[in-house]
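Engineer: I'd like to ask some things about the structure below.
The values are calculated or read from the model by the stated rules, or taken from the named source; none is laboratory data. If you're wondering where the values come from, they're calculated on a predicted model, not measured in any experiment. Counting neighbours? That spans all protein chains shown, and the Cβs are built from the backbone with ideal geometry, glycine included.
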There are 2 protein chains.
Amino acid sequence: MAKRKPTIHEVAHLAQVGIGTVSRVLNNHPSVRPETRERVLAAMARLGYSPNPHARRVAGGRSYTVSLVLPVVSTEFYNRLLEGIEAVLTEERYELALFPILSPIRLQRYLESRSLAYQTDGILVSSQGLASLLPDQRFPTERPVVLVDAYSPRYDSAYMDNRLGGRLAAEHLAQFPGSLFAIQLREELDEVLKNTVGQERIEGFREGLRKARRAFPGKHVFLSRFSLEGGRLALQYFMRLAKPPYNIFAGADLLALGVLEEAERQGLEVGREVRVLGFDGHPWTAEKGLSTLAQPIEEMGAEAARLLMSRIRGFKGPPRARRFEPTLVVRPSTQGP
Amino acid sequence: MAKRKPTIHEVAHLAQVGIGTVSRVLNNHPSVRPETRERVLAAMARLGYSPNPHARRVAGGRSYTVSLVLPVVSTEFYNRLLEGIEAVLTEERYELALFPILSPIRLQRYLESRSLAYQTDGILVSSQGLASLLPDQRFPTERPVVLVDAYSPRYDSAYMDNRLGGRLAAEHLAQFPGSLFAIQLREELDEVLKNTVGQERIEGFREGLRKARRAFPGKHVFLSRFSLEGGRLALQYFMRLAKPPYNIFAGADLLALGVLEEAERQGLEVGREVRVLGFDGHPWTAEKGLSTLAQPIEEMGAEAARLLMSRIRGFKGPPRARRFEPTLVVRPSTQGP
DNA sequence: GGCCACTTTGGAAGCGCTTTCGTCAAAAAT
DNA sequence: ATTTTTGACGAAAGCGCTTCCAAAGTGGCC
């Protein structure tokens, strides 16, 4: 009963043009007169037309689809990353297929799957952990690969300078009296999928403190999973080590939030006795008054998508690297109430 | 340079048959003589042929793809669920597209997307949280929907009887001396995406204890996120409430593991002073000696896939419900070392 | 005014399959 | 032995698009 979806022919008929012209409008081909394009677009709107992607694919010999391989970890992070990627792809009339890698086995299976051969014109691989699992030689199929939130000299990469973030954290916190502490993020996933961001951030922090000539003993680092509880346990641990004030660099916003909660429970005044700085720049940090290192995640995603599209279009140059910088956002949690 | 992939024509030529016959072999059509089928299969193997899915789709007018909408939570759970689903789909020569819903917004967007209209012949929606977000009237497109790990009278459902699991836990733990405790799982995600499994399990537990005439005050329930730390904090909390032995029903294996770790730190003997029962039946519970309520997750996934395939094939009956039961697996954590 | 070089357009060919239709031979029924 | 039914299969007709090619239109320039 459901009436068939309109095809390119109906649109062509209604707009009084040939099917070739309709197709050209669909693909943003330059040689269509503006007024013709208008007519065609109007006809498409009238009919509620949208192209059948499968037909496009078989005719065009391409999939018009890009896939994203991602570990399943921080949802908020990926939410934002996807925003950026999709913004670009939509413009390009491309679709996105997600491949959440829940285990190394799945990555293997994905790489070998027929999906790759047909479904995808290019592949985005996110996270250093997954990137390091990529085969050394060359990718199984000839599809271009771009790394996002990861770096390798062998592939185009769009990555975050976590080390710089650590240094900025150090510069900021070093100005306050009291001892310095850090919570290092340890990824929860499988060994093989583990990320290196936690380590990088701490290394940068250490580097910055050295430059500022501030003491930072090894035991002042608390290793924690990505969880609220981790932040609470960290503050408890720090309190056994030293007296206030505490200046804490948390490897992630969620950890910093845990610190805030625990500080309240312990009756410590945030911004004076406990200063804490997060990492990520999630929207909710604003309302919580949490200082943080904001990451331009969407921009990073968008740039990765652009790099991939240029490869799909045939770009052949050597691997390109795009570095993104976190920026310090100061809020009450590190400047008093 | 990459030589073109072989097509159905080459296979037909090599096997000395018509292209129609090759297609029939591909689709398990009954009217092909076994020896002919052999010849065709041999030819496909020789050429390394695999059909172009896009061409199938445009010619067949179907997508040969099913999509799974899932919240991103417990990785291990979904890992196993996917095993079951894919086992069935592979047999059916179907593919699976994943739609991890990272936020309610994304669900909305997905339901409205063109993807649904073309990419998918049917939809699996997992988790009660997502299921309850489905539109009340009817699904946007006419595609069949099957719920997995969720129940609704309006859709075919394959679901786990979590309440039964709770009752089994109660029966088992009630036989031991000492007080009874429970850790209730609270999902971490957005309010809207939250699951009800934690609540169901505890309700069943409560029910079972009532039947066994065992006391179970409200404060004996510790509410926790899905994390190792949650289990540790829970045991600390219970220790403030009562003396050993503790008989603990943890709403998830990971929480139970946290209890085990904390018990060791506190010097409590597992199996005598602390008895703990998990939920899920993950592979690693065996090596940890953890008693658990094993869920037939793969079977549930497979059954959901079957329900969906039958709908895709045109089955029109009223919604069907398939209930799956967790089974008690007793290990040292609840029977002494 | 006439010629050339673009620009714009219509339509046919083809992408690799599924499916329908008709044929032919073998099996079953008369 | 003849007719009818059935089963196996080849060939052709699409599926809805992209793209190529040739034709028509447009303007600039001498």
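Engineer: Can you tell me how many residues within segment A:223-249 are more than 14 Å from chain B (Cβ to nearest Cβ) and either under 25 Å from residue A:283 (Cβ atoms) or part of a helix (DSSP H, G or I) (or both)? So that I can check it myself, show each step before the final result.
Structural biologist: Step one: list which residues in segment A:223-249 are more than 14 Å from chain B (Cβ to nearest Cβ), which gives A:238-249.
Now drop any that are not either under 25 Å from residue A:283 (Cβ atoms) or part of a helix (DSSP H, G or I) (or both), which leaves A:238-241, A:247-249.
Looking only at that region, the number is 7.
Engineer: Taking the condition more than 27 Å from residue A:307 (Cβ to Cβ) and either without any contact (Cβ under 8 Å) to a residue 24 or more places away in the chain or among the charged types (D, E, K, R) (or both), does residue A:60 pass? So that I can check it myself, show each step before the final result.
Structural biologist: On the way: more than 27 Å from residue A:307 (Cβ to Cβ): no; either without any contact (Cβ under 8 Å) to a residue 24 or more places away in the chain or among the charged types (D, E, K, R) (or both): yes.
Spelling it out, it is not the case that residue A:60 is more than 27 Å from residue A:307 (Cβ to Cβ) and either without any contact (Cβ under 8 Å) to a residue 24 or more places away in the chain or among the charged types (D, E, K, R) (or both).
Engineer: With the condition kept exactly as written, say whether any residue in segment B:134-141 is closer than 12 Å to residue B:196 by Cβ and at pLDDT below 90. If you could, list the steps in order and put the result at the bottom.
Structural biologist: First, the residues of segment B:134-141 that are closer than 12 Å to residue B:196 by Cβ: none.
Among the residues of segment B:134-141, not one is closer than 12 Å to residue B:196 by Cβ and at pLDDT below 90, which makes the answer no.
Engineer: Is it fair to say residue B:59 is buried (at least 18 other Cβ atoms within 10 Å of the Cβ) and either closer than 24 Å to residue B:121 by Cα or within 11 Å of DNA strand D (Cβ to nearest atom) (or both)?
Structural biologist: Spelling it out, it is not the case that residue B:59 is buried (at least 18 other Cβ atoms within 10 Å of the Cβ) and either closer than 24 Å to residue B:121 by Cα or within 11 Å of DNA strand D (Cβ to nearest atom) (or both).
Engineer: Can I ask one more? Considering only segment B:85-99, I want to know if a residue exists there that is of a type in the set (Lys, Arg), at pLDDT below 65 and within 20 Å of the chain's Cα centre (by Cα).
Structural biologist: First, the residues of segment B:85-99 that are of a type in the set (Lys, Arg): B:93.
In the following step, the residues that additionally are at pLDDT below 65 were identified as B:93.
Of the ones still in play, those that are also within 20 Å of the chain's Cα centre (by Cα) are none.
No: segment B:85-99 contains no residue that is of a type in the set (Lys, Arg), at pLDDT below 65 and within 20 Å of the chain's Cα centre (by Cα).
Engineer: I'm trying to understand the selection: among the residues of segment B:1-51, which are more than 10 Å from DNA strand D (Cβ to nearest atom) and among the small types (Gly, Ala, Ser)?
Structural biologist: Matches in segment B:1-51: B:2, B:42, B:43, B:45, B:48, B:50.
Engineer: Here is a follow-up. Return yes when residue B:24 is among the charged types (D, E, K, R), more than 8 Å from DNA strand C (Cβ to nearest atom) and over 30 Å from residue A:143 (Cβ atoms) and no when it is not.
Structural biologist: On the way: among the charged types (D, E, K, R): yes; more than 8 Å from DNA strand C (Cβ to nearest atom): no; over 30 Å from residue A:143 (Cβ atoms): yes.
Taking the combined requirement at face value, the residue does not satisfy it.
Engineer: Of the conditions (1) crowded, with 20+ Cβ neighbours inside 10 Å; (2) modelled with pLDDT of 85 or more; (3) more than 10 Å from DNA strand C (Cβ to nearest atom), residue A:14 satisfies every one except a single condition; which number is it?
Structural biologist: (1)
Engineer: While we're looking at this one, here's another question. Which of the residues spanning segment B:1-41 are within 14 Å of chain A (Cβ to nearest Cβ), in contact with a helix residue (DSSP H, G or I) (Cβ under 6 Å, 6 or more places away or on another chain) and not in a loop (DSSP other than H, G, I, E, B)?
Structural biologist: Residues of segment B:1-41 that are within 14 Å of chain A (Cβ to nearest Cβ), as a first pass: B:1-8, B:26.
The next check asks that each one be in contact with a helix residue (DSSP H, G or I) (Cβ under 6 Å, 6 or more places away or on another chain); those that pass are B:6, B:8.
The answer is B:8, and nothing else.
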